[in-house]
Amino acid sequence: MRDKVLKLAKEKNAIILAHYYQTPDIQEIADFKGDSLALAQHAAKADADIILFAGVHFMGETAKILNPTRKVLIPDLEAGCSLAESCPGDDFAKFKAKYPDHIVISYINCSAEIKTLSDVICTSGNAVQIVESFPKDQKIIFAPDKNLGRYINEVTGREMILWDGSCEVHDILSAEKIMQMKIENPDATLIAHPECPHPVLILADFVGSTTAMLNYTKNSDSKKFIVATETGILHQMQKDSPEKEFLIVPADESCSCNDCAYMKLNTMEKIYLALKNEKPEINLPDEIMDKAKAPLVRMLELSR
Ligand code: 13P
Ligand code: SF4
């Protein structure tokens, strides 16, 4: 299947982009893998005829908005995102109307509709930089992730108003479980994604985006890490540092993993079928594309 995918991608002049939360087999066939920011940057400049996005729906939408003349395919239309779903457009429009003197900074993990209601987009990799690009007294609504928003408020000393959304993969990680892992592994360094809840973040030795965590583990002297994020990241971490040990904080007692069910809907076979049938394809109304593009382009300009 792997060889068939690679052959077909070449025949169709398709580029395969994969998030680090994809399974290792998918990460290994990707032309480019990255976190949300790197993937958006890469999608914006891709000149292949087809962009096959092995990630979730909002990532495919982002690629289409930033590079509308390419055909954007995703392996499974059901690959949504609990965080994006926690912020419906109608409800958010009403919320926004309550604060007419605020600008809106939205995390990229949201629907295209939310992007049309935003002034600028950010990812976990550039959120602090984007927020700090505005004057200290700028009033800001941050959506949809309350954990990331709270973390940025703490780091920047701002008081952004937060939408009450969260990622089901990170939000369930428990500080109690982490304390237990720390006691059992006193030599381990705890690293956490800022989508984790506050009690987890205050325990962490390092908080950062997917790429920031990868860089941290590569460069750190520590030999053992407790990792509070999605399981898929372990593949690249272990590849970068084969001599180090990585322990994922499990979602619950039933496993030693913490998988995003949406990301893991993608399979090699679905990638093959998507390339063969050239669907599911991401398409959006022109009006949404136009309005959602401005805050995304602003993010790319601010993150150069
Ligand atoms: P980053 O890729 O920005 O670290 O975001 C993690 C995530 O939850 C993607 O869905
Ligand atoms: Fe959405 Fe969380 Fe899955 Fe990322 S890990 S796609 S934020 S549900």
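A few comments on the model shown:
- Residue within the stretch 21-31 that is in a loop (DSSP other than H, G, I, E, B) and of a type in the set (Phe, Trp, Tyr) present: yes
- Test: residue in the stretch 100-116 that is over 21 Å from Ala212 (Cα atoms), in contact (Cβ under 8 Å) with a residue 40 or more places away in the chain, away from ligand 2 (no atom under 16 Å from the Cβ) and of a type in the set (Ser, Thr, Tyr): yes
- Assessment of the stretch 238-252 against the conditions (touching a Gly at 6+ places or on another chain (Cβ under 7 Å) and in contact (Cβ under 8 Å) with a residue 60 or more places away in the chain) yields no matching residue.
- Residue list for the stretch 190-236, restricted to those being assigned to a loop (DSSP other than H, G, I, E, B), of a type outside the set (Ser, Thr, Tyr) and either closer than 15 Å to Ser124 by Cα or under 16 Å from the mean Cα position of the chain (by Cα) (or both): His193, Pro194, Glu195, Cys196, Pro197, Gly208, Glu230, Gly232
- Of all residues making up the stretch 60-89, the number that are touching a Ser or Thr at 6+ places or on another chain (Cβ under 7 Å) and not in a loop (DSSP other than H, G, I, E, B): 3
- Selection within the stretch 35-54: residues that are more than 16 Å from Leu296 (Cβ to Cβ) and small (Gly, Ala, Ser). The member of this set that is farthest from ligand 2 (Cβ to nearest atom) is Ala48.
- Any hit, the stretch 134-152, residues being among the hydroxyl-bearing types (Ser, Thr, Tyr), in contact with a helix residue (DSSP H, G or I) (Cβ under 9 Å, 6 or more places away or on another chain) and without any contact (Cβ under 8 Å) to a residue 60 or more places away in the chain: yes
- If you filter the stretch 4-27 down to residues that are of a type in the set (Gly, Ala, Ser) and more than 16 Å from ligand 2 (Cβ to nearest atom), you find that the one that is surrounded by the fewest Cβ atoms within 10 Å (Cβ to Cβ) is Ala9.
- Test result for Val169, surrounded by fewer than 17 Cβ atoms within 10 Å (Cβ to Cβ), in a helix (DSSP H, G or I) and either within 16 Å of ligand 1 (Cβ to nearest atom) or among the hydrophobic types (A, V, I, L, M, F, W, C) (or both): no
- Residue in the stretch 241-271 that is nearest to His57 (Cα to Cα), counting only those that are within 16 Å of ligand 1 (Cβ to nearest atom) and assigned to a helix (DSSP H, G or I): Met263
Rule-based calculations on the coordinates, nothing more; no lab input. Just so you know, these numbers come straight off a predicted model, no measurement behind them. Every residue, glycine as well, gets a Cβ built from its backbone with ideal geometry; the counts of neighbours run over all protein chains shown.
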